[in-house]
Amino acid sequence: MNLKKFLAELKRRRVYSVAVAYLVGGWALAQGIAQVLPVFDIPNWVVRLIVVLIVLGFPVALTLSWFFDVTRYGIVRTPDRASEDRVEVVEPFVSSEKSIAILPFNDLSPGKDHAYFAEGIAEELLTALAKVDGLSVAARRSSFWFKDKEANLTEIAARLNVEHVLEGSVRRDGNRVRITAELIDARGGFTMWSETYEREMHGIFALQDEITRSIVDTLKLKLAISPLRPSRSTDAYEDYLQGLFYSDKSTEEALRRSLEFFERALEKDPQFSRSWTGIAKSWLWLADAYAPPLEAYAKVRDAAVRALQLNEEEAEAHVYLAEGRLRTISSLPFMPRAEIGIRR
């Protein structure tokens, strides 16, 4: 690996972000210790020992950041190379009788050009099921990591520590959509529920609700509230799904393309809060390796605020807003003063 690729890999693995956060936190802790401990007549060697431990912890933190990342999905392992699946999740998942993993749906369309739609439908079902009380849902990055991997359902369920697996396929032909979904008990390998639906695109929201309710009923759970339509426009929704598809890739080209789709969705439906959340997500990933951090973090915050103005219950927008603010604060001490003044 040459120097340029190595530096890019450091950015992709967020080593720089961890280094900045550690140095800021370590410096603040050391300053606090130096001011507070002498008040209690604690020997100077204790202060020096703590400072030494902070210094020794720095390379450890960088090493861990190379292999792992802490995200809203939990502790995740970063793959050795950039791929369509950004990370393999290795976080512990609480075992429960009512637990499920939603695998990415297969694209069976004639042109094989609707993978974004198939994966988007699966992700929307995951989001809806995650709101069901009494049901533990494996994180998207956990379950979607298994796309195109050679692993049977029993192995996948064991890795994710879930009892049930939902898999399916989508066939898109013009304005017609056929979705096949199958709920499997991973313990015995038998099908608990399976159904094939065929609808026009304008009925896609009702179809997703129907699938969600069928799964909830099969697992003998209760759906507390009716799922909300993400958008009034199916055209905007389709652009959003394409943006979502590209936002989960690692390349700058894909991330910037995701922004185009999210913005296109907003042109068709200005009230579509999830598109603003998607914009915040894409800029957060761009800040890791491809865009000036402070500039990108400002865009993250702005997009997240717009999403929350439209829908204050947009959970991911809250996460991106907090992340954007935290990273901005941790980056400021290491930015040139002139640059900070310009970007305030």
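The values are calculated or read from the model by the stated rules, or taken from the named source; none is laboratory data. Note that the structure is predicted; figures quoted are calculated from it, not measured. All Cβ positions, glycine included, derive from the backbone under ideal geometry; neighbour counts span all protein chains shown.
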Tally up the residues in the range 106-154 that are touching a helix residue (DSSP H, G or I) at 6+ places or on another chain (Cβ under 9 Å) and acidic (Asp, Glu), please. 4
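Quick check on the range 118-162: of everything there that is of a type in the set (Val, Ile, Thr) and in a helix (DSSP H, G or I), which residue is surrounded by the most Cβ atoms within 10 Å (Cβ to Cβ)?
Pass one, the range 118-162, residues of a type in the set (Val, Ile, Thr): 121, 127, 132, 137, 154, 156, 162.
Of the ones still in play, those that are also in a helix (DSSP H, G or I) are 121, 127, 154, 156.
Working: Ile121: 26, Thr127: 19, Thr154: 14, Ile156: 21.
Ranking the candidates gives Ile121 first.
Within the range 287-296, identify whether any single residue is closer than 26 Å to Arg172 by Cβ and surrounded by 14 or more Cβ atoms within 10 Å (Cβ to Cβ), and answer yes or no. Quick ask: steps written out before the conclusion?
Quick first cut of the range 287-296, residues closer than 26 Å to Arg172 by Cβ only: none.
So far as the range 287-296 goes, no, none of its residues is closer than 26 Å to Arg172 by Cβ and surrounded by 14 or more Cβ atoms within 10 Å (Cβ to Cβ).
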Hey, any hits in the range 168-176 for a residue that's in contact with a strand residue (DSSP E or B) (Cβ under 7 Å, 6 or more places away or on another chain), under 27 Å from Glu314 (Cβ atoms) and crowded, with 20+ Cβ neighbours inside 10 Å? yes
Please find, within the range 236-256, the residue that is surrounded by the most Cβ atoms within 10 Å (Cβ to Cβ) out of those that are modelled with pLDDT of 90 or more and either in the same structural domain as Gly168 (by TED's automatic domain parsing) or among the small types (Gly, Ala, Ser) (or both). Gly243
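Restricting attention to the range 294-316, and to residues there that are in contact (Cβ under 8 Å) with a residue 40 or more places away in the chain and not small (Gly, Ala, Ser), which single residue is farthest from Glu252 (Cα to Cα)? Outline the logic, then answer.
To start, the set of residues in the range 294-316 that are in contact (Cβ under 8 Å) with a residue 40 or more places away in the chain comprises 294-295, 298, 314, 316.
Remaining after also requiring not small (Gly, Ala, Ser): 294-295, 314, 316.
Numbers: Leu294: 17, Glu295: 16, Glu314: 26, Glu316: 22 Å.
Only one residue tops the list, namely Glu314.
Collect the residues in the range 177-198 that are small (Gly, Ala, Ser) and either crowded, with 20+ Cβ neighbours inside 10 Å or outside the structural domain of Glu123 (by TED's automatic domain parsing) (or both), keeping them in residue-number order.
Going through the range 177-198, the residues small (Gly, Ala, Ser) turn out to be 181, 186, 188-189, 194.
Ala181, Ala186, listed by residue number.
Just to confirm my filter: which strands (runs of 3 or more DSSP E) fall fully inside the range 1-110 and include at least 1 residues that are modelled with pLDDT of 70 or more and within 30 Å of Val137 (Cβ to Cβ)? Quick ask: steps written out before the conclusion?
On the way: elements: 68-71, 74-77, 99-102.
So the answer is 99-102.
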Which helices (runs of 4 or more DSSP H) does the range 215-320 wholly contain that include 3 or more residues that are under 24 Å from His114 (Cβ atoms)? 234-247, 252-268, 273-289
